[in-house]
1. Defining a contact as two alpha carbons under 8 Å apart and six or more residues distant in sequence, what relative contact order in percent does region 18-406 show?
2. May I ask for the distance between the Cα centers of region 344-381 and region 87-101, given as a whole number of Å?
3. Using a 10 angstrom cutoff on alpha carbons, build the Gaussian network for the chain and name the most mobile of 341, 253, 114.
4. Taking neighbour Cβ counts within 10 Å as the exposure measure, how do 122, 169 sort from fewest upward?
5. Could you size up the charge dipole of the chain around its Cα centre, putting +1 on the beta carbon of Lys and Arg and -1 on that of Asp and Glu, and report it in debye to the nearest 20?
6. Once phi is turned into θ = phi - 60°, what whole-Hz ³J(HN,Hα) does the Karplus curve with 6.51, -1.76 and 1.60 give for every residue of region 100-116, x standing for Gly and Pro?
7. Once the cut-off is 13 Å, how many percent of the Cα-Cα pairs in region 147-198 end up in the long-distance tail?
8. If eta is 0.890 mPa s and T is 25 °C, what Stokes-Einstein diffusion coefficient results for region 256-407, Kirkwood Rh from Cα pairs, in µm²/s?
Amino acid sequence: MATQRKPVPSVTVAEEPGILKQPKSVWAVFFACIIAFMGLGLVDPILPAIAKQLDASPSQVTLLFTSYNAVMAVAMLVTGVITSRIGMKKTLLSGIVIIALFSALGGLSNGIWELVALRGGWGLGNALFVATALTAIVTLSNSGNAKAIILYEAAIGLGISVGPLIGGWLGAISWRGPFLGVATLMVIAFIGLTTLMPKASSVQVVKKKSSLLDPFRALKHRSLLVLGITAALYNFGFFTLLAYSPFVLGLDEHGLGFVFLGWGVLLAITSVFMAPKLQRLFGTVGSMCLMLLLFALVLLAMGIWTSTQWVVIAAVIVAGALLGNNNTLITTAVMNASPVERSTASAAYSFLRFLGGALAPFLAGQLAEHFNSSVPFYVGGFCVFISVIYVWLNQKHIRHVDQAEAH
């Protein structure tokens, strides 16, 4: 059976109890994750303001997401190598320091291209932190792998939901405010991890040094490759919504902050409470396909009614629920997909998904400038729909994910 050949325990959301029964090291990483992902939401409400004050086009401003995701994708390939040599705690702290440095420099920059380059440096820090944080929470948790993944997704949701509210408030003062705010919050996260997480020697769980080639070797497992390509297509739609919708909503910084607050709140709630129920009812793969199909329809609706403000606002908020469910489901599937180390599987999967996230913002801006503001949402929805077809055609390669859950 597929579950007998994997050297790591299978991950199931439905049965493992005790999500709140975690050691303080897990809570330290959880807290740092919230602050790290505030950075994504903090910046989103100020995208139109950046375009106006730096005299940049929307396609140039969306490059802030492209450079961020492109650097993250490449950096994901080396996170395992770095972690295996300096340990999880030092890797997490290094990522936090880099995020704080580049976000502060971004807040002091004076041109769009300078800001785009500094945003790439921010992506490097985020890669070191994000990939290691997932591995750390899953590894250090004492209440089950599935609950640890839910906890990680909850931290992402909380960070993303609170971030826009703070970003809208700071952004109304100056577009520089959110960048400097991220730097300040990351200093707090650094202090929290340093004081609450045990000494590096007690959390060093990587037994052998990783190679740069390990993520590519991991993608030889067809199940992991299928989920990675699915995530790349899904993230194309995700970052089309995230990077381009602020330009069509017609709201100020406060208004955008509240819209993405609603988006993030639903993302957080569904990732924790609804995803396990869907998994019990339809299985991991079936639930994932359902969420992807609904998300494709939401993007289609945004394309059809781009000029109708209330429809776009409602679509963005509803999308938060679909994305929250899918994030938990696809992360759970990746952890069960192949017999490789979880850190290596996470690096390989993240490399592919952030490639999709890098292409989408740039292409969305270009499509809007060359055609109209509806086309980016049509293309994003099409990519997400293709991901459903791709999963369906390759379901034999990931069927064991549901079998692991049943076991």
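Please treat every number below as a calculation from the coordinates, not as lab data. Given the structure is predicted, the values throughout are model-derived calculations rather than measurements. Don't worry about glycine lacking a Cβ; one is built from the backbone with ideal geometry, like all the others, and counts go over all protein chains shown.
1. Values: 758 pairs, mean separation 106.6, N = 389.
For region 18-406, the relative contact order is 27 percent.
2. Between the Cα centres of region 344-381 and region 87-101 lies a distance of 27 Å.
3. Of 341, 253, 114, the Gaussian network model singles out 114 as fluctuating most.
4. 169, 122
5. So the magnitude is around 1500 debye.
6. Each residue of region 100-116 in turn: 4, 5, 6, 5, 5, 5, x, x, 9, 6, 10, x, 5, 6, 5, 5, 4 Hz.
7. Percent of Cα pairs beyond 13 Å in region 147-198: 67.
8. Translational D for this selection: 149 µm²/s.
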